[in-house]
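Participant: One structure follows; several queries about it will come next.
The values are calculated or read from the model by the stated rules, or taken from the named source; none is laboratory data. Just so it is clear, the model here is predicted, and its values are computed rather than measured. Every residue, glycine as well, gets a Cβ built from its backbone with ideal geometry; the counts of neighbours run over all protein chains shown.
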Amino acid sequence: MDDQTFLPLINRPGRYLGCEFNLPEIETSAEVKWALIFPDLYEIGMSHQGLQILYHILNNLDSVSAERCYCPAPDAEVLMRRRTISLTTLETATPLRELDLIGITLPHELCYTNVLTILDLAEIEFRADDRNESSPIIIGGGTCAFNPEPVAELFDAFVIGDGEEAVADVSHMVASLKAKGLNRSNIIDGLGKIDGIYIPHMFQPRYNDQGEILSVAPLQGGPNSVKRRVLPDLDRIDHLHRPLVPNARIVHDRLAVEVARGCTRGCRFCQAGMTYRPVRERSVKQVMELAEQGIGHSGFDEISLLSLSTGDYSCLPEVLPELMRRFSSEKVSVAMPSMRVGTLTRELMDQIRRVRKTGFTLAPEAGSERLRQTINKGISETDLLQTAQQAFALGWNLIKLYFM
C-alpha cells in the first residue's frame, strides 16, 4: 500500500502502518515464510495473546519468518477494491499470495465471512481444491478449529489444540519437504503426519438430512484420527518477553500474562472449558519474570492475568501480592478478566485497589438460579449480591456482568 495515497484517505491509518515497538527482525531470506492472520480489525487482533505468542515463537526459529495481517476495516476495503490493491503483510508489505504458509486464527464463527474477505483481497482462491502449486498453504487454528468441517473447503489444513509446538513442527516439515523438491500437494499430505494436524481431503464426512455430521471417516492413505495437541507445561515454551506495543489504541491496551490454561468447572455451554483441558498452571516464578520483562520492554501501566477462570488459579494468593509489591510504586495496576462469582474475594480486591480500581467483570451467565443450575453454573443470588456489596464497600462504583 502506498502510504502517501492510501493512508490519508482512511479512518485510523495506524491500523495499517506496522512498525510497532518491539518488532522482531524479519528474515526476508527465510526458507519458510508465514503470514499470521487475525480475521478482524487491528485493534481486536492486537489484543489476542495467542497470535502474539505464535508470532514470537516462529520468528525465533532458524530459517523461518512470520509476519502479520489483520482484516481491513470497511472503508479501507472499499478503497483497496477500487484501486485493485492486494492485501499484504504489515512488516514488509509482501502480498499474502507470495508466502509459503498463511495461518488464520478462528476465534469464533462470526469471523468466517472475514476469512472470505481476506482471501478475496489477497487474490487467493476461496476453495482449497481450486488452488494451484503457487498458492500458499492455508492453515486454520484456534477455538473453532475443533469443529473444522463447516469451513473445511476454505482450508488446506487445521491445527487442532495448542499451537505453540505445532507451528514449529509444521515449519520444520515444510522446510524439509521443500528441500527435497516436493510439490505443494505432497507437502500438505506430509503435514498430515504431524500430530494434531487435520487435513480435510484425508477425511470424508457423512451428513444427515438436516446437514448435521453423522460421522467422519478417514480415507485411504490418511490417519485414522487426529489427536489434539496439548502443551503439557506452560513454563517450558519460548515465552513472549517483548510484547508488541501497538501504534493505535486497541481493545485491551495492557500487558497480558497467561497464568493458566484449561478449566475444571464444566459449565455446559462452554466450549473452551472442555477443549482446553487439562488445567495447566504457570509457576509463580515464570509469571513474575513475564511481568517484569513485559512491563520493562513495553511501558504498559496495567497487567492482566489471563485464564479461563483466573480466580481458580491456585497461586493467585501468592502472585497478586507479589505483583503489587513489585509494581505499585511504578503505578502499574493489575486487572482480572471475567471472574467466577465466589472467587473474587475481599483479599483480592484489597490487593487490586492498591494502585487503581481496575474494572471487575463477573460472569453469572444466566438471570436465574434455575437456569444457572441447568447450565452447571452453580452461583446463587446471595453469592452474586455479596460479591457486589464487597466491591462497592471497598470503593468500586461499577461492575460488569457477562451473560450467555
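Participant: Within region 278-306, can you find the residues that are surrounded by 15 or more Cβ atoms within 10 Å (Cβ to Cβ) and in a loop (DSSP other than H, G, I, E, B)?
Facilitator: Correct list: VAL279, ARG282, PHE300, ASP301.
Participant: Would it be correct to say that GLY342 is surrounded by 14 or more Cβ atoms within 10 Å (Cβ to Cβ) and in the same structural domain as CYS270 (by TED's automatic domain parsing)? Spell out how you get there, then give the answer.
Facilitator: Details: surrounded by 14 or more Cβ atoms within 10 Å (Cβ to Cβ): yes; in the same structural domain as CYS270 (by TED's automatic domain parsing): yes.
The answer is yes for GLY342.
Participant: Which ones in region 46-66 are of a type outside the set (A, V, I, L, M) and surrounded by fewer than 24 Cβ atoms within 10 Å (Cβ to Cβ)?
Facilitator: If we filter region 46-66 for residues that are of a type outside the set (A, V, I, L, M), which is where we start, we get 47-50, 52, 55-56, 59-60, 62-63, 65.
SER47, HIS48, GLN49, GLY50, GLN52, TYR55, HIS56, ASN59, ASN60, ASP62, SER63 - these are the residues of region 46-66 that are of a type outside the set (A, V, I, L, M) and surrounded by fewer than 24 Cβ atoms within 10 Å (Cβ to Cβ).
Participant: Further, regarding this structure: Output the qualifying pairs, or none if there are none: Cβ atoms under 9 angstrom, residues six or more apart or on different chains, first residue in region 279-299 and at pLDDT below 95, second residue of a type outside the set (Asp, Glu).
Facilitator: Hits for this filter: GLY299/PHE21; GLY299/VAL245.
Okay, residues lined up against (1) surrounded by 18 or more Cβ atoms within 10 Å (Cβ to Cβ); (2) over 22 Å from LEU99 (Cβ atoms):
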residue: SER171; (1), (2): yes, no
residue: LEU177; (1), (2): yes, no
residue: LEU219; (1), (2): no, yes
residue: LYS227; (1), (2): no, yes
residue: VAL230; (1), (2): no, yes
residue: LEU234; (1), (2): yes, yes
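Participant: Report, by residue number, each residue of region 159-214 that is in a strand (DSSP E or B), under 24 Å from ALA35 (Cβ atoms) and either in contact with a helix residue (DSSP H, G or I) (Cβ under 7 Å, 6 or more places away or on another chain) or modelled with pLDDT under 95 (or both). Let's see the steps before the verdict.
Facilitator: Pass one, region 159-214, residues in a strand (DSSP E or B): 159, 161, 197-198, 203-207, 213-214.
Filter once more, keeping what is under 24 Å from ALA35 (Cβ atoms): 159, 161, 197-198.
Passing the criteria: VAL159, ILE197.
Participant: I would also like to ask the following. Residue check: is ALA93 in contact (Cβ under 8 Å) with a residue 12 or more places away in the chain, assigned to a strand (DSSP E or B) and either surrounded by fewer than 22 Cβ atoms within 10 Å (Cβ to Cβ) or at negative phi (or both)?
Facilitator: On the way: in contact (Cβ under 8 Å) with a residue 12 or more places away in the chain: yes; assigned to a strand (DSSP E or B): no; either surrounded by fewer than 22 Cβ atoms within 10 Å (Cβ to Cβ) or at negative phi (or both): yes.
Here the answer is no, as ALA93 does not meet what is asked.
Participant: A further question follows. Out of (1) under 19 Å from the mean Cα position of the chain (by Cα); (2) not in a helix (DSSP H, G or I), the odd one out for ASP62 is which?
Facilitator: In the conditions (1) under 19 Å from the mean Cα position of the chain (by Cα); (2) not in a helix (DSSP H, G or I), ASP62 misses (1) alone.
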